[in-house]
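Beneath this line is the structure, given in structure tokens, with notes to follow.
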């Protein structure tokens with residue numbers, strides 16, 4: 001996958017997967033990988049800065065929780081109402097772009 005396409009859509013990817021269910025970093029990365037059939041793989045160097053940026057923007061709410069498996073607490077993320085509205089805005093924008101590109105190819 002083109003790295004520029006990935007970078008330009010990372011926030012949309014994260015908001016989309018977190019709409020289904022909140023989670024912690026490694027869990028989010030695993031779900032993105034599974035849901036995309038391995039087409040998108042997130043590494044810590046891109047994942048955590050993006051999660052922190054989305055949290056600062058008010059799109060995500062984070063809290064420290066103890067995992068069911070035990071061990072040290074983890075930071076879990078969930079969409080806020082503002083995050084849901086931003087997801088819808090980004091989905092609409094992406095769909096418009098996709099339609100325009102498909103017109104170019106036909």
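Worth pointing out:
- Considering residues of the range 59-68 that are assigned to a strand (DSSP E or B) and touching a helix residue (DSSP H, G or I) at 6+ places or on another chain (Cβ under 9 Å) only, the residue farthest from residue 79 (Cα to Cα): 62
- Search result, residues across the range 70-88 that are farther than 15 Å from residue 25 by Cβ and either assigned to a helix (DSSP H, G or I) or at pLDDT below 95 (or both): 70, 81, 82, 83, 84, 85, 86, 87, 88
- Qualifying residue in the range 57-66 (condition: over 15 Å from residue 10 (Cα atoms) and surrounded by 14 or more Cβ atoms within 10 Å (Cβ to Cβ)): yes
- Restricted to helices (runs of 4 or more DSSP H) entirely inside the range 1-58, those with at least 1 residues that are in contact with a helix residue (DSSP H, G or I) (Cβ under 8 Å, 6 or more places away or on another chain) and farther than 22 Å from residue 93 by Cβ are 25-35, 44-56.
- Verdict on residue 40 being out of contact with any strand residue (DSSP E or B) (no Cβ under 8 Å at 6 or more places or on another chain) and at pLDDT 95 or above: no
The values are calculated or read from the model by the stated rules, or taken from the named source; none is laboratory data. In this text, all values refer to a predicted model and were calculated from it rather than measured experimentally. Cβ: placed from backbone, ideal geometry, glycine included. Neighbour counts: every protein chain shown.
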